[in-house]
Amino acid sequence: MSNEFKRDGSHLAYCPPVEKWEDWVELDPEAWPRRVEKHYSLVPTICFNCESACGLLAYVDKESGQVAKFEGNPMHPASRGRLCAKGPATINQIHDPNRVLYPMKRSGERGAGKWARTSWEEVLETFGARIRKAIQEERGEEVMYHVGRPGHDFIMERTLQAWGIDGHNSHTNVCSSSARLGYLLWHYADRPSPDHANARFILLLSAHLESGHYFNPHAQRIIDGKMAGAKLAVMDPRLSNTASMADYWMPTYPGTEAAVLLAMAKVILDENRFDAKFVKNWTNWEDLEVDGFRAKGQSFERLIEVLKNHYAQFTPEYAEQESGVKADVIIKTAREIATAGSRFASHLWRGSASGNLGGWQPARALMLLHVLTGSVGTEGGHNLNAWNKFVPKTFKVPPPQKRWNELLYPQEWPLCTHEMSFLLPHFLKEGRGRIEAYFTRVFNPVWTYPDGFSWIEMLRDEEKVGLHAALTPTWSETAWFADYVLPMGLSSERHDLMSQESYAGKWIGFRQPVNRVLRERAGEKFEYTYQANPGEVWEEDEFWINLSWAIDPDGAMGIRQYFESPYRPGQKLTVDEYYGWIFENSVPGLPETAKKEGLTPLQYMRKYGAFEITRDVYKQNEKAVAPADLAGSKVEANGVVTKDGKPVGVMVEDKAVTGYNTPSRKLELFSKTMADWKWPEFKLPEYYRSHIHRSAQGASMGHPGEDFDPKYTPVVEWPKDSRGDVFTLLPIFRLPNLIHTRSGNAKFLYEISHKNPLWVNPVDAKRLGGVRTGDLMKVHTEIGYFVLHAWVTEGLTPGVVACSHHLGRWRINKDEQVERMSSAWVDLKEVAKGQWKMRQLESVSPYESVDKDTKRVWWSDAGVHQDITFPVHPDPVSGMHCWHQMVRVEKAGSDDRYGDIFVDTNLSFAVYQRWKALARPAPGPGGLRRPLWIPRVVRPEEAAYYIKK
Ligand code: SF4
């Protein structure tokens with residue numbers, strides 16, 4: 001059986017055929033051993049538990065009208081009917097007895113945990129009035145939407161631009177910004193779309209097979225590739241499940257990955273095993289200026305000599321010394337990559353990129369391997385997310401906003417790919433602004449961000465944050481500090497459009513509220529989705545449409561027009577009309593395919609839940625420039641084809657082709673942008689030592705290590721007589737069956753994983769005085785400490801300790817407005833200004849509820865919250881929070897208890913200042929805030945890019 005997606009579902013051994021979805025019959029497992037038939041309606045939707053957007057099939061019991069289970073949608077081209085554990089666990093989330101069912105308004109002090117039910121009308125009126133006033137008084141930047149996991153595409157950009165504000169904030173700078181910068185400097189697209197299924201060699205930096213970006217869709221294709229003979233190498237200090245499946249496990253000392261990658265590049269260059277034609281045609285090598293050499297007018301052969309010299313220091317032996325990976329393994333894998341050639345695929349997302357100072361360099365170094373092997377845009381190679389992710393057009397698009405919000409994109413980090421969101425509390429503390437209306441959406445910064453106590457201090461301060469609504473399906477540590485908690489739907493309770501670059505193809509998926517869809521099929525009518533959902537759980541699409549009408553009720557502000565029906569002038573837009581228009585007008589091939597079945601495009605998407613647009617995705621850079629763009633264009637001296645001053649393509653072998661969206665329209669081996677923006681030392685892909693390099697271990701104890709650049713010693717000094725020992729902490733590896741705070745109300749998942757011990761290598765366990773699994777350890781960060789159990793394991797590089805970032809939920813309330821099976825009830829105190837102590841009072845235990853399983857909860861641990869004890873570490877170039885850190889580890893003392901936490905936010909502000917000083921602020925050339933060519937979320941008009949004198 002082939003794994004290739006087929007529309008009849010024959011890629012699966014078994015799946016319910018579409019023609020039976022309206023009345024699918026299965027035996028009732030609860031009636032066993034009697035054979036009792038159950039009738040279900042199967043409705044496709046999209047999983048909301050991670051960014052992969054796999055297709056779900058909701059099995060709705062025809063008798064009760066309730067969703068009974070979720071399985072995979074075989075008609076979804078990316079997930080192909082398969083799911084990870086988190087997909088089916090959606091059933092726990094929708095039936096969670098503790099979920100938020102009605103809009104709630106606080107009835108006591110902020111953070112006191114007292115709530116009263118309110119109405120959606122009151123919410124819309126309150127926020128509508130506050131936002132209207134702010135916009136009318138030209139304080140639009142005081143309105144901020146801050147998203148954790150979007151789970152949708154496009155509608156927020158439209159909403160905020162319709163309001164005319166620069167107000168989009170995201171979590172991306174604690175997630176993936178560094179990797180994104182490394183990729184975009186090469187080819188504008190900030191994410192890879194590896195064609196794992198057709199690769200001959202796959203290199204993964206961190207645990208992508210089990211928990212990485214586009215987890216289930218990628219994992220399937222990595223296994224497809226392996227089954228077809230591809231070799232797999234994994235660079236990860238941890239023996240992850242992925243590493244255990246690999247042909248090569250390369251346990252790099254964290255932060256040294258770029259040294260290994262450049263050593264591989266050196267092997268390929270020295271052995272002349274690179275694709276010379278590709279490098280010559282498709283890089284901007286003629287722009288290169290390095291080591292006193294200018295490539296302009298020189299031969300390509302000379303360029304190669306210069307590159308060989310430039311990377312001469314990266315011998316495999318040097319890389320071994322830095323990383324701990326054996327030189328012969330580096331040579332062997334480099335040769336295998338060269339042999340794979342254009343069928344070399346890779347992925348780098350979190351891990352080394354998100355942990356380290358300079359974490360964007362490994363992505364750049366990795367791309368150098370792709371460029372040398374000519375594996376960019378190829379079958380089995382590295383493709384661009386922009387080629388495989390579908391971006392629809394919508395009707396009546398609002399113009400870009402005129403203003404620039406410095407709370408989002410401050411001048412210190414002009415090259416940050418995303419908003420500097422994790423510094424928001426510090427920006428407000430510095431008096432850079434305030435927030436009038438703040439929306440957090442599926443976003444829990446108090447828990448998922450570093451320095452969560454600074455977030456609590458910000459959120460409880462009504463001067464700094466005027467009004468805060470948490471839009472969330474679940475209670476959370478952040479929601480407790482909101483003024484409103486607004487229940488938003490889960491996978492089967494909302495509309496969203498999703499597309500991801502999960503394989504060599506382009507697709508869209510449609511999330512839909514299954515109860516509403518089924519009841520409307522049966523003839524009922526609903527004005528709003530919350531009327532069909534449990535309680536009054538709503539969906540954001542309708543919320544934003546209605547809020548926009550509340551801000552501009554008569555249309556005088558020019559906002560309402562963007563939320564009016566494209567079919568019924570002047571009437572309020574419905575979700576059917578919004579998506580119906582997109583499906584009719586914007587998705588190539590969908591109207592024709594739907595018509596063949598006698599369906600409208602919307603009906604088609606409601607029936608199947610997904611649509612594959614094309615598999616013609618390779619080598620988009622080689623596509624000829626469209627005749628309309630070519631007419632009246634001219635070729636610049638560097639070969640770039642321009643029309644009306646804007647680049648439209650590039651000349652390659654005398655043909656005008658599309659190229660890449662970079663200034664040179666080629667892959668930028670040489671980054672003039674880095675040189676122009678004050679980082680000339682990083683014009684080429686380089687390696688430099690992270691803040692957690694081995695030589696920093698002395699520095700962190702107050703004695704800077706040899707070879708360590710002291711300006712990158714951003715650590716608070718510990719007392720010289722301190723006990724314990726210094727390690728690098730890896731705090732960001734994922735557990736495959738949990739996802740941050742989103743899975744806290746999934747009993748199936750917490751039954752499997754509910755503890756996050758400290759991984760300690762046996763060598764280190766000995767060094768610490770004979771630590772054994774289960775011993776209580778105290779981990780000191782720069783700003784505080786946390787206490788947890790040890791797990792002694794050989795699956796980790798010595799000198800490094802590790803702790804998963806998915807566990808350690810806590811709750812202030814004991815029983816109400818909480819997630820009881822995944823959190824510890826704590827005593828939280830500010831013992832002195834900025835000094836916070838948390839102690840667990842009671843952990844997880846069985847309890848009575850409408851769900852009989854809550855009485856059967858057998859686990860009694862919720863883990864320990866480590867992130868809240870971390871200071872912020874903004875990378876001076878990418879702006880990404882550098883998660884890895886030096887910590888001091890010791891056996892816990894007699895006063896320490898499991899789960900104890902202490903933090904001093906005065907210190908966290910000092911650490912912030914120290915890292916901020918590393919940045920090289922705007923203006924750049926021409927008085928710009930940031931390069932015009934680098935993408936920006938919700939891009940303002942061009943004039944806003946220039947700093948006003
Ligand atoms: S990978 Fe798992 S959690 Fe993510 S969308 Fe797919 S099924 Fe859901």
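The values are calculated or read from the model by the stated rules, or taken from the named source; none is laboratory data. Predicted, not measured: the structure shown is a model, and the values here were computed from it. All Cβ positions, even for glycine, are placed from backbone atoms using ideal geometry, and neighbour counts span all protein chains on display. Side chains are part of the model used for accessible areas, which takes the heavy atoms of the whole protein and leaves out ligands, DNA and RNA. Shrake-Rupley method; radii C 1.70, N 1.55, O 1.52, S 1.80 Å.
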Being among the acidic types (Asp, Glu) and in contact (Cβ under 8 Å) with a residue 60 or more places away in the chain is the filter here; which residues of the range 840-868 pass it? Asp851, Asp853, Asp861, Asp867
Only one of (1) touching a residue at least 40 places away in the same chain (Cβ under 8 Å); (2) open to solvent by 10 Å² or more (accessible area, probe 1.4 Å) is not met by Asp875, so which one is it? (2)
Filtering the range 567-603 down to residues that are within 15 Å of His495 (Cα to Cα), without any contact (Cβ under 8 Å) to a residue 60 or more places away in the chain and in contact with a helix residue (DSSP H, G or I) (Cβ under 6 Å, 6 or more places away or on another chain) yields Leu573, Gly580, Phe583, Leu602
Which residues, taken from the range 156-167, are surrounded by 24 or more Cβ atoms within 10 Å (Cβ to Cβ) and outside any helix (DSSP H, G or I)? Ile165, Asp166, Gly167
Cβ pairs under 6 Å, 6+ apart or interchain, first in the range 640-668 and within 17 Å of Met367 (Cβ to Cβ), second open to solvent by 20 Å² or more (accessible area, probe 1.4 Å) and not in a loop (DSSP other than H, G, I, E, B), ordered by first then second residue, are Arg665/Pro647
I'm checking my understanding of the structure. Among residues of the range 34-49 that are open to solvent by 10 Å² or more (accessible area, probe 1.4 Å) and part of a strand (DSSP E or B), which one is farthest from the ligand (Cβ to nearest atom)? Glu37
Being assigned to a helix (DSSP H, G or I), away from the ligand (no atom under 16 Å from the Cβ) and β-branched (Val, Ile, Thr) is the filter; apply it to the range 168-225 and report the residue that is surrounded by the most Cβ atoms within 10 Å (Cβ to Cβ). Val174
Condition first: open to solvent by 10 Å² or more (accessible area, probe 1.4 Å), free of Cβ contacts under 8 Å to residues at least 60 places away in the same chain and not charged (D, E, K, R). Now tell me which residues in the range 763-779 satisfy that. Val763, Gly770, Thr773, Gly774
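For the range 37-72, enumerate the residues that are aromatic (Phe, Trp, Tyr) and at pLDDT 95 or above. First the steps, then the outcome.
To start, the set of residues in the range 37-72 that are aromatic (Phe, Trp, Tyr) comprises 40, 48, 59, 70.
Result: Tyr40, Tyr59, Phe70.
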Among the residues in the range 307-321, are any at pLDDT below 95 and touching a Ser or Thr at 6+ places or on another chain (Cβ under 6 Å)? no
Can you tell me which of (1) in a loop (DSSP other than H, G, I, E, B); (2) at pLDDT 90 or above is the one Tyr688 doesn't meet? (2)
Going through the range 325-354 in order, the residues found to be in a strand (DSSP E or B) and either of a type in the set (Lys, Arg) or surrounded by fewer than 21 Cβ atoms within 10 Å (Cβ to Cβ) (or both) are none
By residue number, the members of the range 240-256 that are open to solvent by 10 Å² or more (accessible area, probe 1.4 Å) and either in contact with a Leu (Cβ under 7 Å, 6 or more places away or on another chain) or within 16 Å of the ligand (Cβ to nearest atom) (or both) are Asn241, Met245, Ala246, Asp247, Trp249
For the condition among the small types (Gly, Ala, Ser) and farther than 30 Å from Arg403 by Cα, what is the one hit in Ser240, Ser176? Ser240
Restricting the range 78-89 to residues that are small (Gly, Ala, Ser) and open to solvent by 10 Å² or more (accessible area, probe 1.4 Å), which is nearest to the ligand (Cβ to nearest atom)? Ala85
Restricting to the range 50-77, and then to whatever is part of a loop (DSSP other than H, G, I, E, B) and within 9 Å of the ligand (Cβ to nearest atom), can you tell me which residue is farthest from the chain's Cα centre (by Cα)? Cys54
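In the set Asp190, Asp166, Asp195, Asp224, which member is under 21 Å from Val617 (Cα atoms) and in contact with an Asp or Glu (Cβ under 8 Å, 6 or more places away or on another chain)?
Details: Asp190 fails: in contact with an Asp or Glu (Cβ under 8 Å, 6 or more places away or on another chain); Asp166 fails: under 21 Å from Val617 (Cα atoms); Asp224 fails: in contact with an Asp or Glu (Cβ under 8 Å, 6 or more places away or on another chain).
Answer to the selection: Asp195.
Do we find that Val792 is touching a Pro at 6+ places or on another chain (Cβ under 9 Å) and among the aliphatic types (A, V, I, L, M) in this structure? Lay out the reasoning, then the answer.
On the way: touching a Pro at 6+ places or on another chain (Cβ under 9 Å): yes; among the aliphatic types (A, V, I, L, M): yes.
Yes: the conditions hold for Val792.
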Pair list, Cβ < 9 Å and 6+ apart or interchain, from the range 211-230 residues that are under 14 Å from Trp349 (Cα atoms) to residues that are among the β-branched types (Val, Ile, Thr) and more than 9 Å from the ligand (Cβ to nearest atom): Ser211/Thr242; Gly212/Thr242
Filter the range 126-151 down to residues that are open to solvent by less than 20 Å² (accessible area, probe 1.4 Å) and under 30 Å from Gly355 (Cβ atoms), then give me how many there are. 6
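Just the residues that are among the charged types (D, E, K, R) and more than 24 Å from the chain's Cα centre (by Cα), please, taken from the range 421-466. Break it down into steps so the answer makes sense when it comes.
Start the filter on the range 421-466 by keeping residues that are among the charged types (D, E, K, R), which leaves 429-430, 432, 434, 436, 441, 451, 457, 460-464.
Scanning the range 421-466 gives Lys429, Glu430, Arg432, Arg434, Glu436, Glu457, Arg460, Asp461, Glu462, Glu463, Lys464.
Residues to consider are Ala469, Ala482; find the one that is open to solvent by less than 10 Å² (accessible area, probe 1.4 Å), closer than 30 Å to Val514 by Cα and over 23 Å from the mean Cα position of the chain (by Cα). Lay out the reasoning, then the answer.
Values: Ala469 fails: over 23 Å from the mean Cα position of the chain (by Cα).
One residue alone meets the criteria, Ala482.
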Pairs with Cβ under 7 Å, 6+ apart, first in the range 90-118 and without any contact (Cβ under 8 Å) to a residue 60 or more places away in the chain and within 16 Å of the ligand (Cβ to nearest atom), second in a strand (DSSP E or B) and of a type in the set (Gly, Ala, Ser): none
If Ile868 satisfies all but one of (1) over 12 Å from Val779 (Cα atoms); (2) open to solvent by 10 Å² or more (accessible area, probe 1.4 Å), what's the number of the condition it fails? (2)
Selection within the range 458-514 - assigned to a loop (DSSP other than H, G, I, E, B) and aromatic (Phe, Trp, Tyr): Trp475, Tyr503
I'd like to know if the range 634-644 contains one or more residues that are modelled with pLDDT of 95 or more and surrounded by 19 or more Cβ atoms within 10 Å (Cβ to Cβ). yes
Residue under evaluation Ala265, criteria (1) open to solvent by 10 Å² or more (accessible area, probe 1.4 Å); (2) modelled with pLDDT of 95 or more, criterion not met: (1)
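Taking Val801 as the residue in question, decide whether it is within 21 Å of Thr448 (Cα to Cα) and part of a strand (DSSP E or B). Spell out how you get there, then give the answer.
Numbers: within 21 Å of Thr448 (Cα to Cα): yes; part of a strand (DSSP E or B): yes.
Against the criterion (within 21 Å of Thr448 (Cα to Cα) and part of a strand (DSSP E or B)), Val801 qualifies.
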